[in-house]
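To keep things clear, I will list the structure first and then write my remarks on it.
Since every read-out is calculated from the coordinates, none of them should be taken as a lab result. This one's a predicted model, so the numbers in the text were calculated from it and none came from an experiment. FYI the Cβ positions are ideal-geometry reconstructions off the backbone, even for glycines, and counts take in every protein chain you see.
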2 protein chains.
Amino acid sequence: MGVYLPVRPHFICQEIVMNVVQLIRLKRDGHALTDTDIDALVSGFTAGDVPDYQMAAFLMAAFKSGMTTQEMVALTRSMLHSGVVLDLSDLPGIKVDKHSTGGVGDKISIPLAAIVSACGVPVPMISGRGLGHTGGTLDKLESIPGFTTAMDIPSYRRQLAELGVVMIGQTDDIAPADKKLYALRDVTATVEFIPFIAASILSKKLAEGIDALVLDVKFGAGAFMREEKDARTLAETMVRLGEEFGTTTVALLTRMDTPLGAAVGNWVEVAESINVLRGDGPPDVTSLTLALAAEMLVLGGAAADAREGVALAEKAIASGQALTRFEDLVDAQGGDVSVVRDPDSRRGSTALAEVRVPDDAGRVVTAIDAMAVGLACVGLGAGRARKEDSVDPLAGFTLLKKPGEAVRPGEALALVHASSSGRVAAASADLLAAFSFGDTAGEAPELIVDRLDATGWEPS
Amino acid sequence: MGVYLPVRPHFICQEIVMNVVQLIRLKRDGHALTDTDIDALVSGFTAGDVPDYQMAAFLMAAFKSGMTTQEMVALTRSMLHSGVVLDLSDLPGIKVDKHSTGGVGDKISIPLAAIVSACGVPVPMISGRGLGHTGGTLDKLESIPGFTTAMDIPSYRRQLAELGVVMIGQTDDIAPADKKLYALRDVTATVEFIPFIAASILSKKLAEGIDALVLDVKFGAGAFMREEKDARTLAETMVRLGEEFGTTTVALLTRMDTPLGAAVGNWVEVAESINVLRGDGPPDVTSLTLALAAEMLVLGGAAADAREGVALAEKAIASGQALTRFEDLVDAQGGDVSVVRDPDSRRGSTALAEVRVPDDAGRVVTAIDAMAVGLACVGLGAGRARKEDSVDPLAGFTLLKKPGEAVRPGEALALVHASSSGRVAAASADLLAAFSFGDTAGEAPELIVDRLDATGWEPS
């Protein structure tokens, strides 16, 4: 239905508006923009010269027309260079980070950073806060009394150099374009577009000054990507994008239908992370942590292959070095190490309620809807309904039964933790509704579905 | 590349934002919106509740996904009812208006309104100003000293009742949604979309309280639609849309490669219009005026068919009644009737420059690029480069040679008129560049290519 009119609006507008209209029109009509075009749009938007409404039209035009790899690289580069790009090359070692697209109960970053660092590979990790149904690593870490995730760049560098691990939040000077673009995408139905998602993640990660990156790309009922094929496309896209910037990138494709582990919330997830570091974590969390650690250790040059990486990681757990590294991290970032040493001593760790198996339930848990658990947990106060909301560090669930486990009526199914009882009853009901029961449970599918790297791929 | 994520952004936003994001997403994914959805968007945007950036994303989503007839009707209805909708049903007669999609030298509305009104069919005409390369009827009328095109609704009704014709500009209370939407489309590359163009034109015309409408849909180098097929689609769309609202609508599809007539500008076009009313107009302008008049007279019940309509219109010219009606119109709207009676007496009518046939030109004019002439005329001061610019009432060209006419080196090709000489030299050069010369001229194609009405079409 598009009709091509003469370029009438141009000469009636100012220079900047004129060019932007032309760029929107090109993208609308399916043309690929040049690196210069894309940089003009992104820098103009970040500086406030390209207004929201023009960027919104461009975002939708790109969403509908698609973007080439070269456009995506240019978009990532512009977003990356919209702020500070750290240079950690003067620090020894191959710096490796990990990013997860987010899931319910996904506390993996916490034990992972400690393990990999304990094996000698520096881990400079910049994480996000929880928004929507998934928790955020920062909110979890801040449930440790005193722990601070705000740090200036010199301190960040110093801690990385001295300790080999640092975990902070995104500062305002890292990829400000991404922050502004995400806020606009969120209200213009342009979030769910792989080139935008990939550019958003990579621009932030590349700004950290890392040498290599491991991605945990999740799919399923509790993930942002419902379908495996979409997650696979996103993973492939990010692997290639990382390579384009000279950052070796590996992605694991993992299932997110059921919450990871038993703990969902803030402090409860830290406590579970400590269990993993003690060699006593839930099987799913432990195996995924080891798989991701192995990839990071290989990329970091500490292991020759994944098998050796797993062995190294297991050794760091068994020797207590990983847990010690985590205690040192907590100490370095102002946290109370005593609660790490004795998690049960944390004031308020006791559950406020127990969710019990209903009388009419079947004999086995057949599924736990991760999305429903995530939303119930936000309802309990562990996450944010709005960006400006504060979170309750103690809010969370402990799932006592996971899919495949047998249950009896009246038996405890889950524990509900919170700083106050106000939202406990509603959250308990919501949590119970996330469980499905039946008479037999099917075979549990593999958690890690595939591994993608840049093998066989030529840079463009 | 679209990936369907859970509806995460919704619950973190306010009610209005939440619904709008969902509507944008639906349109983005190719779904048809309901009448209520579209009205919520349009009224929300007009009231300032739906921000520019969301409307921009919606406009682009609709542009790329397309709109159904029902959506287009709903859009037109919402835009129509965003302001005052006049009711002229208490006035006698079938009220008929004409709308042209715009061309260079298109002064047809001026003689047309006088002729049709002189034949007894009331013509309530609301016109626009020039913007871009085409002139505006209002700017042309205002080149008559004293003529006012601003009038309140009671005066408009009174003049229509007493004189049978009134020509004013769009008031702020008519279709304000269109004004706001057009401004946004202009800067977001969403102008050239037939459903938007059709809804924009029809919403304004239907608000006038007319019973029937004749459309002059132009295509070619000097029109907004370059291609005949796009103009045809627009014409069909508007005919159907008019019928959906119970307003009988007929469209002529006409060629706009060469400027219409000899005069391009403001006062020069009024003077040429007076020539048409005196029976002494250029053949192309006269024939198109008669064809459109015939359609209006048939719709207005004054003629049984087009042939009878043409005869009636010719009689109104020959009898002098059409010219008298125009003089009465000018008088009623405060204009100086003496310049209508003696156009040459208008101070400043004398040309400031003559464009001559270059020595190396061929023996015949093969083409005059209407777009180039229109832009040269804006450059001379007859039109607006920006909305807020004022126009020079005297600025304009008289084309002394049209395509197919023989020329000799040094012979006068065109006259250049203006209030001051500042821009004359540049405009003369631009005008000359619009001419093509050769040794033989091809057959001139038919001006009126087709006629479309709702015959055989069933309302949805």
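Observations on the structure shown:
- Hz values of 3J(HN,Hα) by residue in the stretch B:179-189 - Karplus curve (6.51, -1.76, 1.60), Gly and Pro given as x: 4, 5, 5, 4, 4, 6, 4, 4, 9, 10, 6
- Rounded to the nearest whole angstrom, the semi-axes of the ellipsoid equivalent to the stretch A:14-67, taken from the Cα gyration tensor as √(5λ), stand at 16, 11, 10, largest first.
- Label point of B:Gly438 (7 Å along Cα→beta-carbon): distances to the other copies' equivalent points are 7.7 nm, sorted ascending.
- Averaging 1/r over every pair of different alpha carbons in the stretch B:10-158 and inverting the result gives a Kirkwood radius of 18.7 Å.
- Stokes-Einstein D (µm²/s) once Rh is taken as the Kirkwood radius of the stretch A:350-438 over alpha-carbon pairs, at 37 °C in 0.692 mPa s: 250
- Isotropic mean projected area of the C-alpha convex hull, the protein assembly as shown (nm²): 45.5
- Listed values for the stretch B:165-177 are Karplus-derived 3J(HN,Hα) couplings in whole Hz (6.51 cos²θ - 1.76 cosθ + 1.60, θ = phi - 60°), namely 7, 8, 10, 10, x, 5, 8, 5, 8, 8, 6, x, 4, and x replaces Gly and Pro.
- Shape call, the stretch A:201-328: gyration tensor on alpha carbons, a/c limit 1.5: oblate
- Unit charges at the beta carbon, dipole of the stretch A:350-438: most positive-side option, A:Thr350, A:Ala382, A:Leu432: A:Ala382
- Under the convention that each Lys and Arg Cβ holds +1 and each Asp and Glu Cβ holds -1, the size of the dipole of the stretch B:350-438 around its Cα centre is about 120 debye.
- Annotation for A:Glu388, label-to-label distances across the other copies: 3.4 nm (shortest first, one decimal, point 7 Å from Cα along Cα→Cβ).
- Cα shape, chain A, gyration tensor, a/c 1.5 rule: prolate
- The angle between the Cα long axis of helix B:370-380 and the longest principal axis of the Cα atoms of chain B comes to about 80 degrees, rounded to the nearest 10.
- 7 Å along Cα→Cβ, label-point gaps from A:Gly320 to other copies, nm, shortest first: 11.9
- Helix A:52-65 vs. chain A, principal-axis angle (Cα, 0 to 90°, nearest 10): 80
- The stretch B:135-149 and the stretch A:380-437: distance between their alpha carbon centers, rounded to Å: 73
- Under 5 Å, built H, 5+ apart or other chain: amide partners of B:Ala367: B:Ser436
- Long-range HN-HN contacts of A:Lys218 with modeled amide H, under 5 Å: A:Thr101, A:Gly102, A:Thr254
- Of B:Lys27/B:Lys98; B:Lys64/B:Lys229; A:Lys140/A:Lys401; B:Lys140/B:Lys401; A:Lys64/A:Lys179; A:Lys98/A:Lys180, those spanning more than 26 Å from alpha-carbon to alpha-carbon: B:Lys27/B:Lys98
- Between 0 and 90°, nearest 10: helix A:35-47 axis offset from chain A longest Cα axis: 70
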